[in-house]
Amino acid sequence: MITIDLRLYAPATQRNRDPILEVLKTHLPDPSKVLEIASGTGEHAIYLSEHLEQVTTWQPSDIESSALKSIEAWREHYPDSKVVRSKYLDVSAKDNHPEPLFNVIVAINLLHISPWSVTEALMKYASEHLPHQGLLYLYGPFWQAGVTPAESNLHFDSTLKKQNSAWGIRDLDAVLEEARKHGLSKKTVIPMPANNLSVLLELKKFS
């Protein structure tokens with residue numbers, strides 16, 4: 001009987017997973033119940049949840065059927081992981097139902113390969129589903145005021161826009177302003193390898 005391996009691999013995961021891990025080790029609460037948006041291949045979910053002691057549950061999600069199949073294939077190879085069954089989740093959909101209580105939402109390499117409307121929807125979704133002092137973690141390239149763009153990011157941005165005119169590297173100030181509209185404030189911004197940033201936002205809910 002031939003078994004087909006449906007696991008997908010993203011080369012960037014091997015390069016960025018350890019720097020991301022170090023940031024999350026420092027900043028995630030204990031315990032952490034994580035909802036990952038746009039999990040892609042599922043590699044981050046498996047690796048990060050395995051190495052983060054404070055994580056009790058990691059819920060992966062995506063809108064692509066190939067990604068969901070890959071995530072499940074990775075779970076089959078790591079049956080003892082803290083990663084639960086993947087689910088279809090579109091933060092832009094109007095019929096999103098309340099999630100189980102997660103205190104962390106993670107979105108890695110999402111904002112620049114989606115329309116700005118997804119950034120808006122993600123902030124709204126986080127404000128509705130995170131508890132008070134819950135965290136939203138973003139990773140990827142951003143434009144920063146007063147910082148000369150790296151040539152590699154300029155080239156990357158041009159390549160993205162050729163693929164889809166609605167894509168592109170986002171301005172960090174614009175992202176933070178959109179977050180502020182939904183009660184999310186900047187906790188910290190950390191420079192990462194390859195001209196990326198880790199952006200941690202905290203939700204403040206007032207009764």
Within the range 3-28, of all residues that are part of a loop (DSSP other than H, G, I, E, B), touching a residue at least 12 places away in the same chain (Cβ under 8 Å) and out of contact with any strand residue (DSSP E or B) (no Cβ under 7 Å at 6 or more places or on another chain), the one nearest to Ala126 (Cα to Cα) is Ala10
Hits in the range 48-83 - residues which are under 24 Å from Val118 (Cβ atoms), surrounded by fewer than 16 Cβ atoms within 10 Å (Cβ to Cβ) and either touching a Pro at 6+ places or on another chain (Cβ under 8 Å) or of a type in the set (Asp, Glu) (or both): Glu64
Taking helices (runs of 4 or more DSSP H) that fall entirely within the range 76-195, which contain at least 1 residues that are touching a residue at least 12 places away in the same chain (Cβ under 8 Å) and of a type in the set (S, T, N, Q)? 116-129, 151-163
Number of the condition not met by His51 [criteria: (1) under 20 Å from Tyr9 (Cα atoms); (2) in contact with an Asp or Glu (Cβ under 7 Å, 6 or more places away or on another chain)]: (2)
Residues of the range 19-35 being of a type outside the set (Ser, Thr, Tyr) and either out of contact with any helix residue (DSSP H, G or I) (no Cβ under 9 Å at 6 or more places or on another chain) or surrounded by fewer than 12 Cβ atoms within 10 Å (Cβ to Cβ) (or both), which ones? Glu22, Val23, His27, Leu28, Pro29, Asp30, Pro31, Lys33
Hits in the range 136-173 (condition: of a type in the set (A, V, I, L, M, F, W, C) and touching a strand residue (DSSP E or B) at 6+ places or on another chain (Cβ under 9 Å)): Leu136, Leu138, Phe142, Trp143, Ala145, Ile169, Leu172
Assess whether Arg170 counts as being over 17 Å from His112 (Cα atoms), at pLDDT 95 or above and among the basic types (Lys, Arg). no
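The values are calculated or read from the model by the stated rules, or taken from the named source; none is laboratory data. Fair warning: this is a prediction, and the values are worked out from it, not measured in the lab. We place every Cβ from the backbone using ideal geometry, glycine too, and count neighbours over all the protein chains shown.
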